[in-house]
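Reviewing the structure listed below.
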């Protein structure tokens, strides 16, 4: 078994405690996400909370790919987080990552500072009456414009992957999480609008966000609204069709 462990220079003093927490992951801390592809825990070290993400064990082919041809999700998350912060984009501060190889990648962890947030973007999808929803959506549109201007294409720009913090002056900070799918590239208007598609935006949400983005970009609200709507509806139609097929398979199962 070969292990790769990298810790950010600011956290070298607690490197042994981080590795101890990784080794005792099953019993340490408390689960934030227990079911699904990945497991996430909140673990305290020397009075400070950290988020430990254990990625799903890859299949045999993926293990080989991750060892020889592609960076692991843990390593990409760490490196992309550093790049985001250097670009002035907020994400929980990257602390460390660990990879375990044995005939390919067997296990990997990404560790970051825990962020005590107020809500994630999903709340805005599901609660049209959420306080100051319009203001949050407008500021989020400006935040996404900033991402695009800095040539950051966050491929998993979806409702569960933005944490939102309410500041005292009723402005909001947006923290990106689940970072392992990202490209750093110049973005055309079409690519920018396509980047909104996974957010499952309603007509009302688009009506709020499109004029904000249009003003910052220098396009008409009508053009931005048209493209944002087209990409969003195409994605939603495809997603709903998949859900329907899954339900049919279960009924016929």
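What follows is calculated from the coordinates using simple rules that are stated; it is not laboratory data. All figures in this text were calculated on a predicted structure; none of them were measured in a lab. Don't worry about glycine lacking a Cβ; one is built from the backbone with ideal geometry, like all the others, and counts go over all protein chains shown.
With helices as the sole contributors, the chain gives -13500 deg cm²/dmol at 222 nm; each DSSP H run of n ≥ 4 counts as -39500 (n - 2.57), and the sum is divided by every residue.
Computed over the chain with a Gaussian network model linking Cα atoms closer than 10 Å, the most mobile of 81, 234, 44 is 234.
Between helix 73-86 and the chain there is an angle of about 60 degrees, using the helix long axis and the longest principal axis of the Cα atoms.
Based on C-alpha pairs under 8 angstrom that are at least 6 apart in sequence, the chain has a relative contact order of 15 percent.
Computed over the alpha carbons of region 35-75, Rg followed by Dmax gives 13.5, 40 Å.
For region 2-113, what is the convex hull volume of its Cα atoms per residue in Å³?
Values: hull volume 12.4 nm³, N = 112.
So the per-residue Cα hull volume is 111 Å³.
Our summary gives region 2-113 a relative contact order of 31 percent, counting only alpha carbon pairs under 8 angstrom and 6 or more residues apart. For the chain, the longest principal axis of the alpha carbon atoms and the long axis of helix 221-252 meet at an angle near 60°.
What ranking do 33, 212, 95 get, fewest neighbouring Cβ atoms within 10 angstrom at the top?
Listing 33, 212, 95 from fewest to most nearby Cβ atoms yields 33, 212, 95.
With neighbours defined as other Cβ atoms within 10 Å of a residue's Cβ, the residues 188, 72 order from fewest to most as 188, 72. When the P(r) of the chain is calculated, the portion above 35 Å amounts to 22% of the C-alpha pairs. Between helix 133-149 and the chain, what is the angle of the helix's C-alpha long axis to the longest principal axis, kept within 0 to 90° and rounded to the nearest 10? Between the helix axis and the principal axis of the chain, the angle is about 70 degrees. Shape descriptor for region 120-197: Rg over Rh equals 0.97 (Cα atoms; Rh from the Kirkwood inverse mean 1/r).
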